[in-house]
Amino acid sequence: MRRSFAFAALLLTTATPALAQNSAPQPVPYEDTIPAPKDVPYPGTIMLNVDATDVEQGIFHVRETIPVAQAGPMVLLYPSWLPGKHASRGEIEKLTGLTITANGETVPWVRDSVDVYAFHLDVPEGVDTLELSFQFTSAVAGNQGRIVVAPSMMNLQFPSVSLYPAGYFTRQIPIEATVTYPEGWTARSGLPATNRGSVYSYEPTNYMVLVDSPVFAGRYFREWELTDRVDLNVFADAPEQLAAATDEMIETHRALVEQAVKLFGTQQYDQYEFLLALTGEMGGIGLEHHRSSENGVDTDYFSGWENALGDRGLLPHEFVHSWNGKYRRGEDLWTPDFRTPMRDNQMWVYEGQTQFWGVVLAARSGMIPKEDVLGLLAFYAAIYGEGRAGRQWRPLIDTTHDPIIAARKPKPWTSWQRSEDYYVEGLLIWLETDAKIRELTGGEKSIDDFARAFFGSGRDGDWGEVTYDFAEVVDTLNGVVAWDWDSFLTERVYDVNPDVPLAGFTENGYRLVFTETPNSYMRNYESQRNRVHLGYSIGLVVSGSGNITEVTWGGPAFEAGLDVADDLIAVNGTAYSNAGLKAAVTAAKDSSDPIRLTVRSGDRIHEVVIDYHGGLRYPRLEKIASGEAGLDRLLQAK
Ligand SMILES: [Zn+2]
């Protein structure tokens, strides 16, 4: 002991002078000179003029006139933290050619070196208006961002084509927008407009509402009035894709609106516009707004209606957001401008209960047949149950930060890293909440009562925002039926829970089982995506070309060393096919021979042996007893 102590002391005395020789600077302080937003009116109305006619190169030309009250320092902001994105996602890199003039003279700008979305300038004496000119150079290839301009349609999002003055709540900044679209195109938005030809003048509004009022415009357009307050506006790459819509399909969309209004009791909009694009050219989207939603689906949405199960879940989800997310919003998610960071702690309500009601309303309206909704729920239960090893270390609440952490980048080990799990795991928690309410009230009440109390108790037509916190969620549940909802939710949301909450099924009359044949939803999933989903057997999801898209952490394929960069080129010596892989898994069940995969990893080709004999396993919900169960009642049209 003594000797080693002496040795350590010797090391210390020799090491210290060596460290001291390294240079060691102090940090330069950063002074944030960007004015904080205040809830006071901006003095004057911004005039925004967008030339959106460049269909070939997708360049939006913008002129913006911003009145100013006084000379001196001023900061202009490009929207960064966008509602619905739950993270800083404004495409600032695509803002180009910015010039600012006043009284014919150039006004120089300097970008803030910490907040690169902020431009500092000095308003000269005697100036009452700034003239801005710039472009938004939208993505022309998928690796640059989402493509918003296609040959026959475009998606204009106002935060991409405008700057706003710092120092004010955005609801306090008046603005009038005028947009010129390509000749012969029709434009639709949640914000009313009058048009002369392809020039649209939008109703004067404030900047917060403008940002929440995106536009779909296009050459091929058809509009259906679903109710006196809700329209379905459909744009397509080609006219025949619109012509394929039948009265029955449109009636199903109408039923969706009717079921949602019956559920919530109120409508938190004056008028609501579904913006729906049937496209293979414009980038995909599903983005909620208060009085509209942006929805992108495949071109065969109508023509391949029977098989478009995945796409048919989109509109129900986005519509629910008008109540949940836009009208009711987590208090720390609501921000006064688009610079203030959002905190995503309530996403298990915002997205979790929207996912829940989206699926339930899809069933109630007939957008997705009940059998397929049960198949989808089984799939969810399996993915987030035994398919989610990450539950062992990461509580659900921590995944609410994933939009900021991961920004939806592809992940090598999704099942271990976890992802935006608050969507589907939130759904499972709300399903269990429904079962609990039914149990506690002897079937008298259900989660419908919570929805009406939480989302539909305000003034009909109020399209402002009402914020909430965890305590209000608990209080509202207690108003439906008294119980220890605080502990119930805390355990499921805040604690590490290796086991997925499945009581929403078992207490509502169904249980999750695994069978060798996929249910109709999984069959549709595999054929529509040209994939084979063996996540619960050998632990792989593989595309038709043999590319591995998922490897289940801890599963047989994982233990054999496979990852998502690998391609399967042969199974048991035969060239890869989805059917061949499934046949090999089935054959191994009654054999002691392992499954032999020939794998390409970069330039290396090698054999991987998977000693798995459990056969195919596909999730499915099975009814526990005969008669109508709670889940049946939940999915029934009201
Ligand atoms: Zn959503």
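Projecting the Cα atoms of Thr106, Ile173, Thr65 onto the charge dipole of the stretch 35-218, computed from C-beta unit charges around the Cα centre, puts Ile173 farthest toward the positive end.
Protein-only accessible surface at a 1.4 angstrom probe places the residues Thr574, Thr552 in the order Thr574, Thr552, largest first. With K and R counted +1 and D and E -1, the other residues having a Cβ less than 10 Å from that of Trp348 yield a net charge of -3.
A helix-only calculation puts the chain at -8000 deg cm²/dmol for mean residue ellipticity at 222 nm, using -39500 (n - 2.57) for each DSSP H run of at least four residues, averaged over all residues. By the gyration tensor of its Cα atoms, with a ≥ b ≥ c the square roots of the eigenvalues, what is the shape of the stretch 321-479: rounded for a/c under 1.5, prolate for a/b over b/c, or oblate? Since a/c reaches 1.5 but b/c is at least a/b, the shape of the stretch 321-479 is classed as oblate. Per residue, the average separation of C-alpha pairs within less than 8 Å and at least 6 apart gives the chain a relative contact order of 11 percent.
How many percent of the accessible area of the chain is carbon or sulfur, using a 1.4 Å probe? The nonpolar share, carbon plus sulfur, comes to 51 percent. Based on Cα contacts under 8 Å between residues 6+ apart, the stretch 35-218 shows a relative contact order of 28 percent. The heavy atoms of Glu273 offer some 20 square angstrom of accessible surface to a 1.4 angstrom probe. Counting only heavy atoms of the protein chains and using a 1.4 Å probe, Arg604 has close to 140 Å² of accessible surface. Ordering Arg511, Arg620, Arg63, Arg529 by accessible surface, largest first, gives Arg63, Arg529, Arg511, Arg620; the 1.4 Å probe counts only protein heavy atoms, with every chain in place.
When Ile624, Ile100 are compared by accessible area of protein heavy atoms, the largest-first order is Ile624, Ile100, using a 1.4 Å probe. Across the options Val599, Gly546, Ala583, the greatest Cα extent toward the positive end of the charge dipole of the stretch 537-616 (unit charges at beta carbon of Lys, Arg, Asp, Glu) belongs to Ala583. Indicate the gyration tensor shape class of the stretch 35-218 (rounded, prolate or oblate), computed on the Cα atoms with a ≥ b ≥ c the square roots of the eigenvalues: a/c under 1.5 is rounded; otherwise a/b larger than b/c is prolate and the rest oblate. It comes out prolate by the Cα gyration axes. Classified by the C-alpha gyration tensor, the stretch 395-505 has an oblate form. Its axis ratio a/c, with a ≥ b ≥ c, is 1.5 or above, and a/b does not exceed b/c.
Using a probe of 1.4 Å, the accessible surface attributed to Thr490 totals some 40 Å² when neighbouring protein chains are kept in position.
A 1.4 Å probe run over the chain, with the rest of the protein chains in place, finds 42 Å² accessible per residue.
Each Lys and Arg Cβ is given +1 and each Asp and Glu Cβ -1; about its Cα centre, the stretch 35-218 then shows a dipole of about 560 debye. When only the Cβ of Lys, Arg, Asp and Glu is charged (+1, +1, -1, -1), the dipole of the chain relative to its Cα centre reaches about 1380 debye.
The values are calculated or read from the model by the stated rules, or taken from the named source; none is laboratory data. Only a predicted model underlies this, so the values are computations on that prediction, with no experimental measurement involved. Cβ coordinates were reconstructed from backbone atoms using ideal geometry, including for glycine residues, and neighbour counts include every protein chain displayed. Accessible surface is based on the protein model in full, side chains and every heavy atom, while ligands, DNA and RNA are left aside. Shrake-Rupley method; radii C 1.70, N 1.55, O 1.52, S 1.80 Å.
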